[in-house]
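Here the structure comes first, spelled out in structure tokens, and everything after it is commentary.
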Amino acid sequence: MASDSFDTPISDEEKANIASNFIVHAPPGEFNEVLNDVRVLLQNDTILKGASAESFAKYNMEQFLPVKLDDSDDLVVISKHGQTEDGRFIDPFQGRSFKLDHLRKEATEIQDYEMDSKAEPYRKAIQDAVRGYIKSYYPHGAFTVYANSDSDITIAICIEDHQYQPKNYWNGRWKSEWILTIPVGGNTGTVNGSMKVQVHYYEDGNVQLVTSKEHTDELPITNERGVADKLIKLIGNIEAEYQTSISENYNNMSDTTFKALRRQLPITRAKIDWNQILSYKIGKELKNA
């Protein structure tokens, strides 16, 4: 019975789903390598094409891909918050929209876009505050602030920073998302944040660190500048606390968990006296070598 199940051919649809799953879980900075490997495994570009469009877009939005538009100094962070109903993406910095080639990661067909007039004053004030924060704490980072006012005003802050070190066999990405909801006529807003770190180390092995944290808080609603200042102070405190906790956790692991994986004493059950190393058999062998 078991052998029959292994002999059953996998349908093209199942192959496409498996390929898509590999692609969307590619580690930071390794999308092209995973895509090439999947292509070799499939040996069928038709199936790959069927799996690619949706999975490419999903990967780029989940990873907060930063995209540069030719005439702008600001990188636009690709996110579901910036996607329009027709599949285009918004550039809030310049009030434009564009199509994105998810494979080449290039912006095309750039055109003007009408921003939400009700939410825009808050969005601009928060954008200015986040810009200063990014320059201070994420020197290689990118951010984008989106906004809409379908009912309440909703501000979405997307922050991304990464380091790709393939020559040293590791790549990593930080991403955080902060959603501020300002109720109509309300004096208190709600802040929902999520932070995620993903690092892949693959020298003589294959190890991934994936850790995340969520945070919920309240924020007094005053004028645009006051809201922006309070919000960025809150974000800075929570992100710094999270980053510190990660560092402390792994420092503790090196003193506890990792040590527990090693034999505390050699097989002789006695510590080696390094000052008397030549009196040991191995020391004699080294001396005579």
- Please enumerate the residues belonging to segment 109-152 that are acidic (Asp, Glu) and closer than 13 Å to Arg225 by Cα. Glu120, Asp128
- Which residue, of Tyr113, Tyr122, is open to solvent by 60 Å² or more (accessible area, probe 1.4 Å), more than 17 Å from the chain's Cα centre (by Cα) and farther than 23 Å from Ser212 by Cβ? Tyr113
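What residue, of Lys135, Lys167, Lys124, is farther than 27 Å from Thr190 by Cα, in a helix (DSSP H, G or I) and not aromatic (Phe, Trp, Tyr)?
Just one listed residue meets the conditions, Lys167.
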- Residues satisfying the stated conditions in segment 173-202, i.e. within 14 Å of Ile126 (Cβ to Cβ) and either of a type in the set (Val, Ile, Thr) or without any contact (Cβ under 8 Å) to a residue 40 or more places away in the chain (or both): Ile179, Thr181, Ile182, Gly189, Val191
- Task: Look at Tyr133 and say whether it is modelled with pLDDT of 95 or more and touching a Ser or Thr at 6+ places or on another chain (Cβ under 8 Å).
- Result: no
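For the condition under 20 Å from the mean Cα position of the chain (by Cα), closer than 21 Å to Glu177 by Cα and at pLDDT below 95, what is the one hit in His162, His140? Outline the logic, then answer.
Values: His162 fails: at pLDDT below 95.
Criteria check complete, one pass: His140.
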- What pairs can you find where one residue is in segment 11-38 and under 14 Å from Ser55 (Cα atoms), the other is in a helix (DSSP H, G or I) and basic (Lys, Arg), and their Cβ atoms are less than 8 Å apart, with a gap of 6+ or different chains? Val24/Lys58
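The values are calculated or read from the model by the stated rules, or taken from the named source; none is laboratory data. Here the structure is a predicted model, which means the values were calculated and not measured. Positions of Cβ are backbone-derived with ideal geometry, glycine not excepted, and every protein chain shown enters the neighbour counts. Ligands, DNA and RNA are excluded from the accessible area calculation, which covers all protein heavy atoms including side chains. Shrake-Rupley method; radii C 1.70, N 1.55, O 1.52, S 1.80 Å.
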